[in-house]
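Taking it in order: structure first as structure tokens, then the write-up.
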Amino acid sequence: MLAVKVPKKEAEKTRRRLLEIGVLAKGYAVKREGEFVLFPVTEEVEGFELVEAEFERVERRPHSYREVVEVPEDVKPLLPSSFDIIGDIAIIELPDELMPYGRTIGEAILRVHRHIKAVFAKGSKVSGEYRVRELVHLAGERRTETLHRENGIRLKLDVARVYFSPRLATERMRIFEKTRPGEAVFDMFAGIGPYAVLLAKKAKLVFACDINPWAVRYLEENIGLNKVSNVVPILGDVRKVAGKVGADRVIMNLPKFADRFLREAMLSVRDGGIIHYYGFGPEEGLYSEHEAKIKSVARELGFKVEFLEERKVRPYAPRQFNIAIDFRVLK
Ligand SMILES: C[S@@+](CC[C@H](N)C(=O)[O-])C[C@H]1O[C@@H](n2cnc3c(N)ncnc32)[C@H](O)[C@@H]1O
């Protein structure tokens with residue numbers, strides 16, 4: 001077939017150029033001949049030396065498990081197009097109709113994504129005080145502990161024992177960018193420490209509280225793994241700690257119940273400090289109910305609030321969003 005022949009040192013530049021003009025023939029291995037590289041092309045290209053050559057075909061690796069999974073045709077449209085990856089563990093949400101094919105689906109994920117070693121299905125919604133969910137093992141190792149990398153930090157955790165969502169990585173980076181050196185931060189619902197450990201890279205001090213002993217165990221391990229010495233892990237109900245710490249910035253990452261802890265948050269923040277509040281809100285009024293609660297608690301305490309930024313963090317349920325409200329407290 002027709003090929004473009006270039007010296008080795010021009011290979012990468014040429015490959016990009018051929019891709020750009022859309023003439024690189026797909027499904028063939030590039031050929032090396034001494035000091036030259038040959039690219040298969042679909043038509044003549046000006047400005048290059050053209051030759052005839054034979055190329056070996058290469059199998060295209062499937063990009064999605066949906067290309068290889070064997071399930072009946074009628075349930076195929078129900079296959080989710082994405083799933084969460086935490087470290088080397090995949091967690092997929094399957095509708096009931098697909099649960100009988102869970103093992104086949106899990107094995108297809110393992111085949112396509114070589115770095116994944118275990119696959120679980122969500123067995124329930126996130127629930128209870130610890131905000132964890134049940135998991136159903138589908139394929140691969142029966143292991144729930146893993147090491148996840150995010151925003152340049154390493155986080156060890158057990159996906160069955162603690163809350164963790166990789167979908168919040170961008171939100172955590174947003175807070176990191178707002179954090180200023182010298183600040184004291186209070187992470188009221190710290191979990192295994194994805195905010196606390198990240199912010200510790202910039203802030204002076206981070207108080208990180210969680211009521212789940214497993215979360216605090218991993219938080220302590222993650223402090224060591226990331227060599228940060230300015231995080232103070234606190235195991236227990238945040239109600240007992242609030243008011244005893246003075247923070248420039250407070251993080252309230254418990255969207256389901258954060259409104260119940262507004263008093264504690266406002267008592268813990270210094271005059272002029274900032275609270276990052278999370279909640280769930282319906283499409284038609286994302287922030288209004290939360291704003292009203294924030295204002296009402298501030299009024300009871302004799303404080304003033306100034307709303308700084310409001311944003312959707314991610315979709316949560318049909319027409320429901322996980323939202324963030326940043327506000328300043330003036331005492
Ligand atoms: C939604 S998770 C967030 C964890 C972490 N911030 C993250 O981004 O992964 C909420 C956490 O709050 C903790 N929690 C719930 N009620 C609490 C309380 N009263 N005091 C302290 N922690 C609590 C749960 O154990 C859980 O780890």
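The residue list Ile192, Val37, Gly102 was ranked by how far each Cα lies along the charge dipole of the chain toward its positive end, using unit charges on Cβ atoms, and Ile192 comes out on top. With a Förster radius of 41 Å applied to the beta-carbon distance between Arg60 and Glu221, the computed FRET efficiency rounds to 0.50. Here the chain carries DSSP beta bridges of which approximately 70% are antiparallel, counting only pairs with both residues inside.
Using Cβ point charges alone (K and R +1, D and E -1), the dipole size of the range 234-331 about the Cα centre works out to roughly 300 debye. With the gyration tensor restricted to C-alpha atoms of the range 141-212, the semi-axes of the equivalent ellipsoid amount to 23, 13, 9 Å, longest first.
What the Cα atoms of the range 65-143 give is an Rg and a Dmax of 12.4, 40 Å. Sequence-distant contacts, meaning Cα pairs under 8 Å at least 6 residues apart, place the relative contact order of the range 108-218 at 19 percent.
Between the Cα long axis of helix 11-20 and the first principal axis of the chain there is an angle of about 80°, rounded to the nearest 10. In the distance distribution for the chain, Cα-Cα pairs more than 28 Å apart total 55 percent.
Note that the range 175-326, at 25 °C in a medium of 0.890 mPa s, gets a Stokes-Einstein diffusion coefficient of 157 µm²/s from its Kirkwood radius over C-alpha pairs. Taking the Cα centre of the chain as origin and assigning +1 to Lys and Arg Cβ atoms and -1 to Asp and Glu Cβ atoms, the resulting dipole is close to 1360 debye.
With helices as the sole contributors, the chain gives -6500 deg cm²/dmol at 222 nm; each DSSP H run of n ≥ 4 counts as -39500 (n - 2.57), and the sum is divided by every residue. Between the range 1-78 and the range 153-215, the C-alpha centres lie 43 angstrom from each other.
Once you have the Kirkwood Rh of the range 2-52 from its Cα pairs, apply Stokes-Einstein at 20 °C and 1.002 mPa s and quote D in µm²/s.
200 µm²/s
Bridge orientation summary for the range 65-143: considering DSSP beta bridges with both residues in this region, about 70 percent are antiparallel. For the range 2-52, averaging the sequence separation of C-alpha pairs within contact (under 8 Å, six or more residues apart) and dividing by the residue count gives a relative contact order of 57 percent. Name the residue from Phe164, Pro72, Phe176 whose Cα lies farthest towards the positive end of the charge dipole of the chain, charges +1 on Cβ of Lys and Arg and -1 on Cβ of Asp and Glu. After comparing all options, I get Phe176.
Which entries in the list Lys178/Lys331; Lys125/Lys201; Lys178/Lys293 go over 30 Å, if you measure between the two C-alpha atoms of each? Violating the 30 Å limit, Cα to Cα: Lys125/Lys201.
Readers should treat all values here as calculations from the given coordinates under stated rules, not as data from a laboratory. Keep in mind the model is a prediction, meaning the values are calculated, not measured. Positions of Cβ are generated from backbone atoms using ideal geometry, with glycine treated the same way; all protein chains shown enter the neighbour counts.
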